[in-house]
Amino acid sequence: MASTKSLIFVTGNANKLREVKQILSKGGNPIEIDSKSLDIPEVQGTTKEVAYAKCKRAAELVGGPCITEDTALCYVALKGLPGPYVKDFMAAIGHEGLNAMLVGFDTKAAEAVCTFAYSAGPGTEPIIFEGRTEGTIVPARGPKVFGWDAIFEPNGTGLTYAEMPSEQKNKISHRGKALEKLRAYLQSLPQ
């Protein structure tokens, strides 16, 4: 994809937009991102099903190429919940409630999952790019400004996402891993 073209990232989340721009602008062939906030109803299902349906609808509404993203926080003790519904859980019960959900369980292990979907435009099948990071749910540490970042500590780091400088987070995060796959794909397309 030529660096002079921009790709629409369908999001209303300024923090996600900032991270996506930081990651996709790196390298020898940066990808320019514009954003558009659309109200797209999310289907219930796995992260891949949610991302696929959202991207298919977004491409119709945008009328061209676009990417969408879906994030999940999967607790091992709860067999993957809250999963793709973590945004609603976060809004309803906050950091403390997300921690309280694991009271009484032997493990606080969790996996952060990010699923990007790319569509070349209306009528095309979205392509899925997924990134995963294993970690632990901890009491909130660091700024509480970006979703559940303050309670997720990636394994081996000793820091929550919220405590990390963005460059460190982007290298190891579920979003960073998914975006590296997406970037490689986009840069392989004919210019």
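The residue pairs whose first member lies in region 86-99 and is within 19 Å of PRO139 (Cβ to Cβ), whose second member is open to solvent by 80 Å² or more (accessible area, probe 1.4 Å) and of a type in the set (A, V, I, L, M), and whose beta carbons are closer than 9 Å, counting only pairs six or more residues apart or on different chains, are PHE89/LEU81. For region 120-136, state whether one or more residues are more than 26 Å from GLY45 (Cβ to Cβ) and either out of contact with any helix residue (DSSP H, G or I) (no Cβ under 7 Å at 6 or more places or on another chain) or touching a residue at least 40 places away in the same chain (Cβ under 8 Å) (or both). Among the residues of region 120-136, at least one is more than 26 Å from GLY45 (Cβ to Cβ) and either out of contact with any helix residue (DSSP H, G or I) (no Cβ under 7 Å at 6 or more places or on another chain) or touching a residue at least 40 places away in the same chain (Cβ under 8 Å) (or both), which makes the answer yes.
Here LEU98 passes the criteria (1) touching a helix residue (DSSP H, G or I) at 6+ places or on another chain (Cβ under 8 Å); (2) under 17 Å from LYS181 (Cα atoms) except the one numbered (2). Filtering region 116-141 to residues that are part of a loop (DSSP other than H, G, I, E, B), closer than 28 Å to CYS66 by Cα and among the small types (Gly, Ala, Ser) leaves ALA120, GLY121, GLY123.
Which of the residues spanning region 133-191 are among the acidic types (Asp, Glu) and under 17 Å from the mean Cα position of the chain (by Cα)?
Selection gives GLU134, ASP149, GLU153, GLU167, GLU180.
Any idea how many residues of region 178-191 are open to solvent by 40 Å² or more (accessible area, probe 1.4 Å), in a helix (DSSP H, G or I) and over 10 Å from ILE23 (Cβ atoms)? Steps first, please.
We begin by selecting, within region 178-191, every residue open to solvent by 40 Å² or more (accessible area, probe 1.4 Å); these are 180-181, 184-185, 187-191.
Adding the requirement that they be in a helix (DSSP H, G or I) leaves 180-181, 184-185, 187-188.
Pick out the ones that are also over 10 Å from ILE23 (Cβ atoms) and you get 181, 184-185, 187-188.
Adding up the residues that qualify gives 5.
In region 142-169, the qualifying residues are those that are part of a loop (DSSP other than H, G, I, E, B), under 17 Å from LYS16 (Cβ atoms) and open to solvent by 50 Å² or more (accessible area, probe 1.4 Å), and the one that is modelled with the lowest pLDDT is VAL145. Taken together, the residues in region 113-141 that are under 17 Å from LYS169 (Cβ atoms) and open to solvent by 30 Å² or more (accessible area, probe 1.4 Å) amount to 5.
Total residues in region 44-85 satisfying the condition of being acidic (Asp, Glu) and without any contact (Cβ under 8 Å) to a residue 60 or more places away in the chain: the figure is 2.
The values are calculated or read from the model by the stated rules, or taken from the named source; none is laboratory data. As the structure is a prediction and not an experimental result, all values here were calculated from the model. Note: ideal-geometry Cβ built from the backbone for every residue, glycine included; neighbour counts use all protein chains shown. For accessibility, only protein heavy atoms count, side chains too; no ligands or nucleic acids. Shrake-Rupley method; radii C 1.70, N 1.55, O 1.52, S 1.80 Å.
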